[in-house]
Structures are given as structure tokens and as C-alpha cells.
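Report on one structure; see the data block that follows.
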Amino acid sequence: MPPASATIDPWVDAAVSQTPVYDLHTHLYSPEFGSLASWGIDELLTYHYLIAEVLRANPISYEQFWALTLAQRADLVWRTLFLDHAPISEACRGVITVLHKLGLNPNAPDLRGYRDYFAGQKVGDYFDRVFKLANVHSVVMTNDPLDSAERNLWLRGVEPDPRFKAVLRIDPILLGWPNVQNLLSDAGYSASADLGTQTLREIRRFMTEWITRMNAIYVAVSLPPTWRYPDDSPVTRVLQECVLPVTRELNLPLAMMIGVTRQVNPALRMAGDSLGKSDITSVERICSQNPRNKFMVTMLSRENQHELAVTARKQRNMMLFGCWWFVNNPSLIEEITRMRIELLGTRFIPQHSDARVMDQIIYKWQHSRTVIAGVLKQKLADLSAAGWSVTEAQVRQTVRDFFSGNFEQFLAWTPS
């Protein structure tokens with residue numbers, strides 16, 4: 001009788017490669033959003049991961065770097081990280097993967113050929129090709145209607161490609177007091193710094209109107225490691241008086257991405273954010289004290305991952321998702337996915353891309369698929385060795401749950 005791996009491994013490889021993904025958290029935009037939709041070689045090379053990397057490897061000053069045009073920054077990144085040094089980091093390898101999957105020579109001495117290639121693409125056709133190469137059927141955007149450029153597009157009636165799902169991002173609403181009152185006023189909502197009854201009513205109106213206008217499928221926020229729930233801060237008050245009631249009424253999850261420390265080096269701009277270990281008891285309390293709300297949770301620090309998985313075992317209204325940002329690297333994805341399977345079985349969402357440039361879903365999903373497949377092979381082999389008869393149908397169902405089913409089921413579920 002052949003070893004179990006000889007049968008199981010091909011089933012896993014086939015299921016992982018063939019199953020389309022619902023990418024539940026990105027910063028992508030549909031082509032209808034014009035310049036907000038990022039794609040192409042210059043955007044790939046000026047991704048904030050690579051900016052942080054190049055400014056460690058090149059002596060250029062921060063001021064000189066930001067004075068360059070986008071194309072000049074991309075040229076500097078290519079020369080410094082790909083020609084002068086081996087492009088061995090995960091962010092660099094990702095660019096190589098994208099170029100290779102597009103059929104381009106990833107070893108070019110400069111960017112002229114790549115720029116010619118992208119200049120010749122029609123954006124709609126190119127996005128279609130990226131979806132196909134990544135085997136992704138839908139991506140979830142991050143939408144902030146307090147940003148005037150994005151708000152104006154929605155108010156003019158922009159209709160995204162149906163593969164791009166909207167999410168209401170509420171970071172300013174939760175974390176921006178008292179200054180956020182000016183943004184709310186600019187958007188047509190009456191607000192005051194004291195968070196009085198009228199202001200809270202207007203926040204609820206803002207959320208309900210924009211969820212409806214965008215057809216948002218959940219509400220999302222990034223929180224610092226210092227976040228605590230409950231406390232006497234404006235964050236808790238807005239959560240309790242506005243966010244939780246609105247999401248509960250509409251049966252939408254609140255996605256909490258916890259652990260980002262903003263601007264530890266402002267000179268790096270978007271690349272200047274870092275992380276910190278967060279308080280898991282705040283997650284436990286908000287889930288247990290609000291059982292009719294749904295929460296999607298991911299954390300940024302590796303040190304939080306075990307506690308977070310244990311918490312997910314205890315809170316049925318919480319869906320653990322993804323390897324976010326600084327833990328979105330193969331070695332950590334492998335470690336975290338294995339631990340989650342051991343604690344949670346199949347009831348979690350292993351990954352999302354967090355892509356900011358459309359082309360990135362090609363490499364982020366190829367790299368993650370490889371890691372997830374390796375872990376799944378090992379865990380299924382362990383199961384077989386224990387005496388369970390693993391079937392191809394079970395393998396395919398598990399991969400479907402991981403790549404789309406768990407997310408879709410959680411969206412549809414109503415806590416009772």
C-alpha cells in the first residue's frame with residue numbers, strides 16, 4: 001500500500017492551486033476609481049515595504065528620496081535592491097514572482113522594458129489577467145469616505161467592478177477625536193469635540209448611510225497595541241454608542257486589526273509604522289460582552305498569535321483571519337497556520353493579501369498557497385497516521401473553507 005502522502009499530497013496540491021480565493025482584506029481599488037487604483041512596475045517597486053528596505057541600503061537622505069519622482073524612486077529601488085544586492089527579501093522576491101508570472105524577464109538591467117509592457121496594457125484587461133493569474137475571484141477594498149477624493153467618487157455614483165467589495169474603514173471615527181469633527185463636518189455631518197448626543201447620532205447616521213451607499217460587507221479599523229476595552233476613552237464611547245449598535249443592527253462584522261504603532265519614523269512616511277504586543281483581554285471582553293455582534297480579528301505581533309488562537313476557541317462570534325503585514329512572511333505564515341490548525345481545526349481564515357498594488361495579489365497568493373499547502377499536507381499526513389481515512393472530498397472542502405467558505409459563512413451568519 002503506498003504511503004498516505006503519495007495520495008494526499010497531490011490532492012492538496014490540486015485543491016490549493018485550483019480553488020479560487022476570496023481575498024478579504026486589501027487596499028486595492030477597482031479600475032473605476034482612476035488614480036486610486038495602483039498597478040504597474042513603478043507602483044510595485046515603491047511599495048512601502050521596499051521603501052523601508054531601500055533607505056537602509058542606500059545612503060540617500062530621506063529628503064532627497066522624497067524629492068524624486070515616482071519613476072526615479074522606482075529606478076533607485078531597482079538599482080539598489082535588485083542589481084547592487086541580491087533581491088532576497090520577501091518583498092523583493094514578490095516583485096520577481098510577478099514579473100515571471102507575467103512572462104517578463106525578471107533580470108533586466110533597467111525598467112524600460114517593464115514600463116513599455118505596462119504602458120501597453122488596458123487597465124480592465126490587465127486586471128482581468130491578474131485575477132486569473134492569482135486565481136482570486138473577489139477582493140475586499142478599504143474605503144474611507146472621510147477622504148475627500150474617495151468620497152467624491154462615491155457621491156458621483158462610481159460603480160466598482162463587482163469583484164471589488166467595499167468595506168467601511170472607521171479609523172478616523174474611532175481614533176481621531178477631537179480633530180475628526182472637522183472631517184465629519186466637511187462630509188456633511190454635524191459633530192462636536194465633546195461627543196454629545198447629537199454627535200453620536202451623526203456618527204451612527206454617517207456609518208449607516210455610507211455602509212448602504214457602498215454596499216459595504218463589513219466595518220474595519222486598525223488599532224494600536226495600547227487599545228483597551230472598555231475604558232473611559234472616546235474610542236470605547238464611539239464603539240459602544242455607535243459602531244457596535246450599527247454593525248449589530250446590520251449584522252455586519254467589525255474587523256479589528258490590532259497592534260500597529262503609527263509613525264515610529266515619520267521620515268519614512270507610510271513606511272514608518274511599526275508594531276507592538278497587544279492586550280488580548282480587550283479582545284476577549286469586547287467579544288464576550290457583545291455576543292450578538294460579529295468580530296473578525298487579526299493581530300500584528302508574532303507574540304500575540306498563540307493567545308489570539310486560544311481566544312478564538314472561546315468566542316464563537318469571533319473569526320480569526322490572516323497573517324497581517326509584518327507576519328505576512330513565509331516562515332511566520334507556516335508557524336502560525338500550523339498552530340491555528342492544531343487549535344482551531346478548519347474554523348479560521350488562514351490568509352489575506354493586504355495588497356496595495358493590484359499586481360501584488362499574484363505573488364502574495366502564490367507564496368501563501370505554497371506555505372499553506374505544505375502545512376496542510378503535514379497535518380493531513382498526521383491525521384492519516386492516526387488512523388483516519390482522509391478523502392479527496394475532505395481535502396477539497398478544507399481548502400474551500402480556508403480560501404472562501406469560512407468568510408462567506410461568517411458574513412451570512414446571525415449570532416443568537
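Each reported figure results from applying straightforward, stated rules to the coordinates on display, with no laboratory input. The structure presented is a predicted model; accordingly, all values stated were derived computationally and were not measured. Note that each Cβ is placed from the backbone with ideal geometry, even for glycine, and that neighbours are counted across all protein chains shown.
Numbers for the structure displayed
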quantity: Overall dimensions of the chain by Cα: Rg and Dmax, Å; calculated: 22.0, 73
quantity: Efficiency of FRET between Ala57 and Arg112 - r from beta-carbon atoms, R0 30 angstrom, step 0.05; calculated: 0.85
quantity: Prolate/oblate/rounded label for the stretch 64-154 (Cα gyration tensor, a/c 1.5); calculated: oblate
quantity: Label zone at Asp147 (point 7 Å along Cα-to-Cβ), backbone N below 17 Å, the stretch 164-186; calculated: 164-176, 183-184
quantity: Förster-model FRET efficiency, 22 Å R0, Asn179 and Leu155, C-beta, rounded to 0.05; calculated: 0.45
quantity: Stokes-Einstein translational diffusion, the stretch 1-81 - Kirkwood Rh over all Cα pairs, 0.890 mPa s, 25 °C, in µm²/s; calculated: 150 µm²/s
quantity: Residue with peak Gaussian network fluctuation, the chain [Cα springs, cutoff 10 Å], from Asp75, Asp125, Asp194; calculated: Asp125
quantity: The stretch 155-208: translational diffusion in µm²/s, Stokes-Einstein, Kirkwood Rh over Cα pairs, 25 °C, 0.890 mPa s; calculated: 198 µm²/s
quantity: Potential extension, Met270-His48 segment - 0.36 nm per residue separation minus Cα distance; calculated: 79.3 nm
quantity: Ratio of Rg to Rh over the stretch 277-331 (Cα coordinates, Kirkwood Rh, two decimals); calculated: 0.98
quantity: Antiparallel bridges, percent of DSSP beta bridges restricted to the stretch 137-320 (to nearest 5); calculated: 10 percent
quantity: Square roots of 5 times each gyration tensor eigenvalue, C-alpha, the stretch 137-320, largest first, Å; calculated: 25, 19, 19
quantity: Size-normalised alpha-carbon gyration radius of the stretch 47-201, reference 2.2 N^0.38 Å; calculated: 1.39
quantity: Charge-dipole axis of the stretch 40-122 as Lys and Arg at +1 and Asp and Glu at -1 on Cβ define it, positive-most pick from Tyr114, Ala74, Cys92; calculated: Tyr114
quantity: Hits among aspartates and glutamates - C-alpha to C-alpha of Lys377 under 15 Å, sequence gap 8 or more where chains match; calculated: Asp9, Asp13, Glu334, Glu335, Glu342, Glu392
quantity: Helical segments meeting 24 Å axial Cα length and Kyte-Doolittle -0.5 threshold in the chain (DSSP H); calculated: 360-385
quantity: Cross-link partners of Lys277 among lysines (Cα-Cα below 25 Å; sequence separation of 8 or more within a chain); calculated: Lys294, Lys314, Lys364
quantity: Spin-label model distance (nm) - Gln240 vs Asn105, 7 Å beyond Cα toward Cβ; calculated: 6.5 nm
quantity: Dipole magnitude of the chain about its Cα centre (Cβ charges: Lys, Arg +1; Asp, Glu -1), debye to nearest 20; calculated: 680 debye
quantity: Length added when fully stretched, Ser288-Ala193, from 0.36 nm per residue minus Cα-Cα; calculated: 31.2 nm
